[in-house]
Amino acid sequence: QEQPTVGDFMTSPVLSVRPDMTEQQVEDLFTRYDVRALPVVDENNNVLGLVTYKEVAAAKQRMWNKEQQRLRQAARENVNGDGGNSSVSNQRQKDVQDELQSETAKKKAEERRKRGTTVKAWMKQHVKTVEASRTMAEVEAILLANDVGCIPVVKDGTMQLVGMVTRTDLLRQHRYYQSLHYHNKGMSDSIAARKPIIELRRKLKRFDLEE
């Protein structure tokens, strides 16, 4: 029996990010479009990697740990400075205090915290991709073998991004989600088509019952 190809049911067009985008920018995209994974592409739309919400959370945690370590180090230096009686120790203490209290240093630290690290520092590299001409059975086997929830789809013979295929896309093809409606050729909603549903979901959240 002839099977549909990945290009027939993939999610397309698909949102992507650039490697020089910051952690905050990527998190904003996740929140705004209600997605949990985004492919990373270069200026030629070639796939470089993948970022998920887990990578963003991990990057934020590392940034917080680094800031806490810096504060602990500064506190230790202050304590050591108080215990010294020499003019060298006093001068060192004064230098540390001046640096910590410097308005410029505070502004730079705050800017670094808000900006965060760039995507290329923590994205998943060497991710598996599939060509749009692969069959549904083939991509299903790849998803199961690699234990991933989504795979970027590329144009045949290239690394140019054309869409994304997820476990949900495969379930749709198996007719497990018969109640869902699709408007485009690929039998999956684009980002633009999902926008009204996302907005409705946000409005209804205020009626959720607390457990």
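Quick notes
- Unsatisfied cross-links (Cα-Cα over 21 Å) in the set LYS54/LYS128; LYS120/LYS195; LYS54/LYS120; LYS60/LYS203: LYS120/LYS195; LYS60/LYS203
- Other-chain or far-sequence residues with amide H under 5 Å of GLU131's (modelled H): VAL154
- Between ARG62 and ASP156, full extension at 0.36 nm per residue minus the direct alpha carbon distance yields a gain of 30.1 nm.
- Spacing of the modelled spin labels on ALA141 and THR168, each 7 Å from Cα toward Cβ, amounts to 2.7 nm.
- Among 9-21, 125-137, sorting by the average number of other beta carbon atoms lying within 10 angstrom of each residue, highest first, gives 9-21, 125-137.
- Placing pseudo-labels 7 Å out from each Cα toward the beta carbon at THR117 and LYS54 gives an inter-label distance of 1.7 nm.
Every number in this text was worked out from the coordinates using simple rules, so none of it is lab data. A quick note: this is a predicted structure, and the numbers were derived from the prediction, not measured. Cβ coordinates were reconstructed from backbone atoms using ideal geometry, including for glycine residues, and neighbour counts include every protein chain displayed.
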